[in-house]
1. Name the long-range amide H neighbours of residue 298: under 5 Å, sequence gap of 5 or more, or other chain; modelled H, no Pro or chain starts.
2. Charges only on Cβ, +1 for Lys and Arg, -1 for Asp and Glu: so what's the dipole of the chain about the Cα centre, in debye to the nearest 20?
3. Place the peptides 39-49, 111-121, 356-366 in order of packing, highest mean first, counting for every residue the other Cβ atoms within 10 Å and averaging per peptide.
4. Where the centre of each part is set by its Cα atoms, how far does segment 52-84 sit from segment 103-127, in angstrom?
5. Counting only residues 5 or more places away or on other chains, whose amide H sits under 5 Å from the amide H of residue 14 once H atoms are built in the peptide plane?
6. Output the 0 to 90 degree angle, nearest 10, between the alpha-carbon long axis of helix 271-283 and the longest principal axis computed from the alpha carbons of the chain.
7. How do 468, 478, 297 rank when sorted from fewest to most other Cβ atoms within 10 Å of their own Cβ?
8. Kindly provide the trypsin sites (Lys or Arg not before Pro) of segment 278-332 that DSSP labels as loop, not H, G, I, E or B, and whose Cβ sees at most 15 other Cβ atoms within 10 Å.
Amino acid sequence: MLKLNDPSLFKQKAYIDGRWCAADSGRTINVANPATGALLGTVPEMGAAETSRAIAAANAAWKGWREKLAKERSAILRKWYDLILANADDLAAIMTAEQGKPLAEAKGEIAYAASFIEWFAEEGKRIYGDTITTPGHGRRIMVTKEPIGVCAAITPWNFPAAMITRKAGPALAAGCTMIVKPAELTPFSALALAELAERAGVPPGVLSVVTGNAPAIGGEMTSNPLVRKLSFTGSTAIGKLLMRQSADTVKKLSLELGGNAPFIVFDDADLDAAVEGAMASKYRNSGQTCVCANRFYVQDKVYGAFSEKLVAAVQKLQVGDGAAPGTSQGPLIDERAVQKIEAHIDDAITQGGRVLTGGQRHALGHSFFEPTVIADVTQQMKVAREETFGPLAPLFRFQHDDDVVAMANDTEFGLASYFYSRDIGRIWRIAEQLEYGMVGINTGIISNEVAPFGGIKQSGLGREGSKYGMDDYLTVKYWCLSGM
Ligand code: ADP
């Protein structure tokens, strides 16, 4: 059983309109620890009816919430932030138990998740409009920003806390209300955050968490006309489905979908720094992030040296239960994830790829997998086209800058990209040519609350974090004042 300083943070009920509730049917779904397979607990298996009630409650709560002063909302959000940090150890323990990531990474995610609440608590006080020079006598033009209204959020299992705060932070700060549907695999982090929101003084209905049947909950969220906006983070296939489903009620959408991040090492790179960045970008969360480097393009002259250094670093990773001291690689989320990385490795080997380290299921069993590096990878292999979402670094060799830009851009995705170089001309040129929403230059870690996170092409719509992240939850109202 999970040991917490405050066991009341471990909730096995959903949170709707300020009340902890079971599903109408009484049914529950099981949540297991991926490191052990052991049952962690259950959450209500809710569907459309409960979601509809949560939406009605959010709509009813909206008026009171938006009429509060920004400063009043900010004070409540700040308190939520403080409570998240004060309970960081428990929140991290819950996260590691349901998601598998090492405890140190879970603590890192809690701090990162909290930072969005802090940032938007402050940013909510700084929403500005415009006045526009009039085109006619006796008229004045003004533009104000207003909260869009009831928002729905559907979030994934890879960052069980941060993917919620990146949405709830700006939504609540802007004066919107929100219903969150967390991933079935990681609902307890979401429910613990809701408990802390309640303690911070977030009023009933302003933030609800509905657990259960994804298609049923998502179906209600996308078809209910009271919902003005949907924010989704997850797979591209489900993002497209939700976009289609939202068409009939013309909802505003924020979509954070898949990536296929290139990580380019040019021959003038600081190789040790590039390896450090590669490790952080590729193996964090066992390769299960949408901004994880998915394809390593290494220039011919440094290919041998880079691959040797990378393999040495990968072999130092310690695979184990995320709750055990010293673990730097937890299990993958489930068996399906293991099968995907296996399929990518098999396909690469069949087409001439060479395994430099790893390549197998880990001796620990369950969904543990050996951190892997494969050399001699080509654009024809599956790893080049699909997001692996696991601890596999495929190495591609390239000769010229133009070639690598073409290969890096040869994907329907456009989320994160990375490259290492010390030549300022090359840096400027390559950064401009990469067709991605984000570019990390001489770094493997790019995400923080003050910067706009998001993609282009089929990686999605909208931005999270920064002043741009607030725009996703605001509408523009144009006032034309005449008859003066
Ligand atoms: P992954 O393959 O990484 O699990 P998904 O896109 O399936 O990514 O999951 C992301 C989120 O989308 C989760 O909360 C999941 O429950 C939810 N989801 C999955 N299918 C649907 C659906 N048909 N409608 C609404 N939400 C869904």
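1. HN-HN under 5 Å from residue 298: 265, 396, 397, 398.
2. Its charge dipole is roughly 1640 debye.
3. 111-121, 39-49, 356-366
4. One Cα centre to the other: 17 Å.
5. 21
6. So the helix axis and the longest Cα principal axis differ by about 50 degrees.
7. Lowest count first: 478, 468, 297.
8. Those satisfying the criteria are 316.
Coordinate-derived values only; no laboratory data. Computed from a predicted structure; not experimentally measured. Backbone-built Cβ (ideal geometry, glycine too); neighbour counts: all protein chains shown.
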